[in-house]
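S.K.: Pasting a structure here, questions to come.
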Amino acid sequence: MALIKAEKLRKEYSSGEDKVIALAEASFNVEAGEFLGIIGPSGSGKSTLLSILGGLNPPTSGKLEIDGIDVYSLDQEQLADFRSEYVGFVFQQFQLLPYLTALENVMLPLAISGRPKGEQRDMAALVLEKVGLGNKLNRLPNQLSGGEQERVAIARAIVNQPPIIFADEPTGALDSKTGQEIMELFQALNREGQTIIMVTHNLETLKYMHRALLIRDGLVEKVIKHESLGYCAQ
Ligand code: ADP
Ligand code: ADP
């Protein structure tokens, strides 16, 4: 059974008198373990689609099923629980808290878990080690490079071991070499079984993915398979 089932997802925003159709209709499935890209011109509906899939933005109509759960039939509290159990987000601007260390930033999603602080600390240290920052646990974000801040953001997204990671332009603010290193990290996570859905403008990043949805004018215009993306087996 597919991990994610998107059925006729549609999103309209009203701005004043006007109605904007951000997403006209999107239907597709995502399998567990997939690395899926979402590409398309600016304003085509990519961020809207990502936020709907991540349980952050209710669609105007349509249905989203994740692991058999009808996500938008949940009430606010259930939806918050659903997000903390199922999804991790990585944003382009990292969104780290500037006054907290790398370790403390990664501990944030664990705060509501009720686990003892020491255990939270150990879990956060372990994932920071995994993303290559084992020796920089106590740095503040402004004492880290852009690529390192991105690694902290990735560690924070995976620390709860959510089945799905959503990333919105995670290489957008990085130089190409650093961006490539970050994509290799995502790829390594994917090879361990992590499902990843990533919005990207950078066509270079597509070779790390199994499939990409090309979104245009709020519609899934095309599904591009890995053969055509130059998927790198190594
Ligand atoms: P990007 O093209 O990099 O994805 P967007 O232009 O989609 O960035 O905008 C980023 C954020 O601004 C999103 O959260 C989106 O919902 C919001 N946004 C985009 N366009 C509008 C708009 N016309 N009115 C209000 N919010 C908007
Ligand atoms: P993309 O991520 O592909 O740039 P978005 O999903 O951000 O596209 O936006 C799709 C369309 O919806 C754009 O026309 C954008 O201006 C509009 N839009 C996005 N978010 C909002 C919002 N919160 N309010 C009004 N319009 C929005």
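S.K.: Computed FRET efficiency, Cβ-Cβ of ALA188 and GLU227, R0 25 Å: what is it to the nearest 0.05?
M.R.: Between ALA188 and GLU227 the formula returns 0.70.
S.K.: OK, next. Multiply the residue separation of TYR13 and TYR99 by 0.36 nm, subtract the distance between their alpha-carbon atoms, and state the gained length in nm to one decimal. Don't jump to the answer; show the numbers that get you there.
M.R.: Working: separation 86, 0.36 × 86 = 30.96 nm, distance 3.50 nm.
Between TYR13 and TYR99, full extension yields 27.5 nm more.
S.K.: Which length gain, in nm to one decimal place, applies between SER84 and GLU25 when the Cα-Cα distance is subtracted from 0.36 nm times their residue separation?
M.R.: Working: separation 59, 0.36 × 59 = 21.24 nm, distance 2.68 nm.
Extra length from SER84 to GLU25 when fully extended: 18.6 nm.
S.K.: Once every DSSP H run of n ≥ 4 in the chain is given -39500 (n - 2.57) and the sum is divided by its residues, what mean residue ellipticity at 222 nm do you get, rounded to the nearest 500 deg cm²/dmol?
M.R.: Computed ellipticity for the chain at 222 nm equals -9000 deg cm²/dmol.
S.K.: Which value in Å does the Kirkwood hydrodynamic radius of segment 72-167 take, with 1/r averaged over all unlike C-alpha pairs and then inverted? Each step should come with its number before you reach the end.
M.R.: Numbers: mean 1/r = 0.0737 Å⁻¹.
Averaging 1/r across every pair of different Cα atoms and inverting gives 13.6 Å.
S.K.: Can you list residues from other chains, or at least 5 along the same chain, whose modelled amide H is less than 5 Å from the amide H of THR195?
M.R.: Close amide H contacts, sequence-distant or interchain: GLY33, ILE165.
S.K.: Can I ask one more? Once phi is turned into θ = phi - 60°, what whole-Hz ³J(HN,Hα) does the Karplus curve with 6.51, -1.76 and 1.60 give for every residue of segment 155-170, x standing for Gly and Pro?
M.R.: 4, 5, 5, 9, 4, 7, 6, x, x, 10, 10, 10, 10, 10, 6, x
S.K.: Put one equal scatterer on each alpha carbon of segment 103-234, apply the Debye formula with no solvent term, and list log10 I(q)/I(0) at q = 0.10 1/Å to two decimals.
M.R.: -0.37
S.K.: Moving on. Which number do you get for Rg(Cα) / (2.2 N^0.38 Å) in segment 1-121?
M.R.: Details: Rg = 16.8 Å, N = 121, 2.2 N^0.38 = 13.6 Å.
For segment 1-121, the normalised Cα radius of gyration comes out at 1.23.
S.K.: Here's another thing I want to ask about it. Take the chain, compute every pairwise Cα distance, and split them into 5 Å bins from 0; I just need the percent in each bin.
M.R.: Answer for the chain: a P(r) of 1, 7, 14, 18, 19, 17, 13, 8, 4, 1, 0 percent.
S.K.: Compute the projected area of the convex hull of the Cα atoms of segment 14-71, averaged over all viewing directions, and report it in nm² to one decimal place.
M.R.: Its Cα hull, projected and averaged over all orientations, spans 4.8 nm².
S.K.: In debye, nearest 20, what is the charge dipole magnitude of the chain about its Cα centre with +1 on Lys and Arg Cβ and -1 on Asp and Glu Cβ, if you could check?
M.R.: Values: 23 positive and 30 negative charges, 67 e Å.
For this selection, approximately 320 debye.
No value in this document is a laboratory result; all are computed from the given coordinates. This is a predicted model, so every value here is computed, not measured. Cβ sites come from the backbone with ideal geometry, for glycine too, and all protein chains shown count toward neighbours.
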